[in-house]
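Q: Take this structure, written in structure tokens, and hold onto it; I'll ask about it next.
The values are calculated or read from the model by the stated rules, or taken from the named source; none is laboratory data. Everything numeric in this text was worked out from a predicted model, so none of it was measured. Using ideal geometry, Cβ is built from the backbone for each residue, glycine included, and neighbour counts are taken over all protein chains shown.
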């Protein structure tokens, strides 16, 4: 490949063969000393995409250790190797421009955050070009972050359809490059002017692991029409969790290779198990179940403690039992959903969905208007009970007040986006009117 490149460049550009022989080399660009004494005005290209979740592309322990040392501890975890080349580019062109093709996850993946912050320490994100899906014939969504020494007031985002967006620089600072994808997807800036601390002040959140999912093999049963109870709780998959609703039992689900309508577990079967016994004790009682990979944050309040999460659902509990509905209201707020997009867009499996971890939920802002927040908590309980659009809209308006979203066009844009994202499958008001006419 190196020889072919030398010949083609010589034919196209000219120059002596010796020049191209010394300029085009085959080697590991990421090792210490590979670029000693080199500085360029432009670094552009298509680095290798090496996901750390694939067996064939995962770095060995020795390679990971070498990169960790080479890049001062910034390369860790599951960061795609392509993002390491982005960091290398900022070393090679500190006063120039870096434009390297990247997987979309580079913009927001938690493991790539140290790399994004290190890039910002040397250069500034000036623009992001979003490429169409399957541009390179692979199921990987791609983009081109462009880094420069100069820090423009706004970051330009060129969408795959050619449309241009501009967002304030501070929205992308601190490694929050997912804001570029949020803007490209048309997610409105929440403009929350009244916040106070984070949700970590109010709640605990956790996700379960493989041993909890597979440990339940042989212990999942069909409810056979019986209502769930604390002793025989519903086993809730993420697909059953909606915004203020639970679709458990509404359609069949596959668990451990079997199909169930309304799956339950019996806690008495699990209490003596070394893994599942403590899990049951930790998850029982009132809680909030949060779905993953959704268009907006979707959560359902288990006020009676009659449900248990199936991996990868997130379990949230308030630090004060009396705040159960308040915490759920903050999670379901339109401003929270939009803020999650602006912080974490790009990490989901679908371009239309976000994936927010348990710790990222806790880091989201808490409302500052507590009077409106209290009213919204009561409105949420009504929305979950009635399932109507009018109850939903009342809740959404109160949470906009709680977060200080200004009235006017900005609020209407946020609410319109949020209503579409959490569209209630039960269509409560329509169903109610049909029943009334019948």
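Q: Of the residues 161, 111, 133, which is within 21 Å of residue 360 (Cβ to Cβ), out of contact with any helix residue (DSSP H, G or I) (no Cβ under 6 Å at 6 or more places or on another chain) and outside the structural domain of residue 414 (by TED's automatic domain parsing)?
A: After applying the criteria, what remains is 111.
Q: Looking only at segment 174-193, count how many residues are touching a strand residue (DSSP E or B) at 6+ places or on another chain (Cβ under 7 Å) and part of a loop (DSSP other than H, G, I, E, B).
A: Of the residues in segment 174-193, 2 are touching a strand residue (DSSP E or B) at 6+ places or on another chain (Cβ under 7 Å) and part of a loop (DSSP other than H, G, I, E, B).
Q: Taking into account only those residues within segment 164-173 that are touching a residue at least 40 places away in the same chain (Cβ under 8 Å) and touching a helix residue (DSSP H, G or I) at 6+ places or on another chain (Cβ under 6 Å), which is surrounded by the most Cβ atoms within 10 Å (Cβ to Cβ)?
A: 172
Q: Cβ-Cβ distance below 7 Å, separation of 6 or more or different chains: which pairs start in segment 179-191 with a residue that is in contact (Cβ under 8 Å) with a residue 24 or more places away in the chain and end on one that is assigned to a loop (DSSP other than H, G, I, E, B) and surrounded by fewer than 24 Cβ atoms within 10 Å (Cβ to Cβ)?
A: Every condition considered, the pairs that remain are 184/159; 191/406.
Q: Taking segment 293-303 as the region of interest, how many residues are under 12 Å from the mean Cα position of the chain (by Cα) and surrounded by fewer than 21 Cβ atoms within 10 Å (Cβ to Cβ)?
A: Residues flagged as under 12 Å from the mean Cα position of the chain (by Cα) and surrounded by fewer than 21 Cβ atoms within 10 Å (Cβ to Cβ) within segment 293-303 amount to 1.
Q: Which of the residues belonging to segment 232-253 are outside any strand (DSSP E or B) and over 21 Å from the mean Cα position of the chain (by Cα)? Show your work before the answer.
A: Taking segment 232-253 as the starting set, the residues that turn out to be outside any strand (DSSP E or B) are 232-233, 237-240, 243-244, 247-252.
Listed by number, the residues that qualify are 232, 233, 247, 248, 249, 250, 251, 252.
Q: When you check residue 152 against the structure, is it touching a helix residue (DSSP H, G or I) at 6+ places or on another chain (Cβ under 8 Å), modelled with pLDDT of 90 or more and surrounded by fewer than 16 Cβ atoms within 10 Å (Cβ to Cβ), yes or no?
A: No.
Q: Considering segment 42-67 alone, what residues qualify as being farther than 24 Å from residue 146 by Cα and in a helix (DSSP H, G or I)?
A: Those that are farther than 24 Å from residue 146 by Cα and in a helix (DSSP H, G or I): 61, 62, 63, 64, 65, 66.
Q: Got a sec? Which of 398, 414, 386 is at pLDDT 95 or above, surrounded by fewer than 19 Cβ atoms within 10 Å (Cβ to Cβ), in contact with a helix residue (DSSP H, G or I) (Cβ under 9 Å, 6 or more places away or on another chain) and over 22 Å from residue 200 (Cβ atoms)?
A: It is 386.
Q: I've got another one for you. Which members of segment 29-68 meet the condition of being in contact (Cβ under 8 Å) with a residue 40 or more places away in the chain, touching a helix residue (DSSP H, G or I) at 6+ places or on another chain (Cβ under 9 Å) and over 18 Å from residue 104 (Cα atoms)?
A: Scanning segment 29-68 gives 29, 30, 35, 38, 39, 40, 43.
Q: Any residue at all in segment 21-33 that's surrounded by fewer than 17 Cβ atoms within 10 Å (Cβ to Cβ), over 18 Å from residue 123 (Cα atoms) and in contact with a strand residue (DSSP E or B) (Cβ under 9 Å, 6 or more places away or on another chain)?
A: no
Q: Against the condition closer than 21 Å to residue 366 by Cβ, modelled with pLDDT of 95 or more, part of a helix (DSSP H, G or I) and assigned by TED's automatic domain parsing to the domain that holds residue 303, how does residue 392 come out, does it pass?
A: No, not satisfied.
Q: State which residue is farthest from residue 414 (Cα to Cα) when the search covers only segment 304-328 and only residues that are more than 24 Å from the chain's Cα centre (by Cα) and buried (at least 17 other Cβ atoms within 10 Å of the Cβ).
A: 306
Residue-wise test of (1) surrounded by fewer than 18 Cβ atoms within 10 Å (Cβ to Cβ); (2) in the same structural domain as residue 357 (by TED's automatic domain parsing); (3) more than 23 Å from residue 323 (Cβ to Cβ).
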{"residue": "175", "(1), (2), (3)": "no, no, yes"}
{"residue": "178", "(1), (2), (3)": "no, no, yes"}
{"residue": "190", "(1), (2), (3)": "no, no, no"}
{"residue": "202", "(1), (2), (3)": "no, yes, no"}
{"residue": "206", "(1), (2), (3)": "yes, yes, no"}
{"residue": "214", "(1), (2), (3)": "yes, yes, yes"}
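Q: Of the residues 317, 336, only one is assigned by TED's automatic domain parsing to the domain that holds residue 228, in contact with a helix residue (DSSP H, G or I) (Cβ under 9 Å, 6 or more places away or on another chain), part of a strand (DSSP E or B) and at pLDDT 95 or above; which?
A: Details: 336 fails: part of a strand (DSSP E or B).
Exactly one of 317, 336 is assigned by TED's automatic domain parsing to the domain that holds residue 228, in contact with a helix residue (DSSP H, G or I) (Cβ under 9 Å, 6 or more places away or on another chain), part of a strand (DSSP E or B) and at pLDDT 95 or above, namely 317.
Q: In segment 69-110, which residues are assigned to a helix (DSSP H, G or I), in contact (Cβ under 8 Å) with a residue 40 or more places away in the chain and within 17 Å of residue 178 (Cα to Cα)?
A: 86, 104, 105, 106, 107, 110
Q: For segment 363-370, does any single residue satisfy the condition of being touching a helix residue (DSSP H, G or I) at 6+ places or on another chain (Cβ under 6 Å) and in a helix (DSSP H, G or I)?
A: Checked against the condition, which is being touching a helix residue (DSSP H, G or I) at 6+ places or on another chain (Cβ under 6 Å) and in a helix (DSSP H, G or I), segment 363-370 yields no hits at all.
Q: Mind checking whether some residue in segment 269-276 is over 26 Å from the mean Cα position of the chain (by Cα) and in a helix (DSSP H, G or I)? Lay out the reasoning, then the answer.
A: Start the filter on segment 269-276 by keeping residues that are over 26 Å from the mean Cα position of the chain (by Cα), which leaves 269-276.
Subsequent filtering for residues that are in a helix (DSSP H, G or I) retains 269, 276.
Yes, there is a match, as at least one residue in segment 269-276 is over 26 Å from the mean Cα position of the chain (by Cα) and in a helix (DSSP H, G or I).
Q: How many residues, within segment 277-294, are within 17 Å of residue 312 (Cβ to Cβ) and touching a helix residue (DSSP H, G or I) at 6+ places or on another chain (Cβ under 6 Å)?
A: Residues meeting the conditions: 4.
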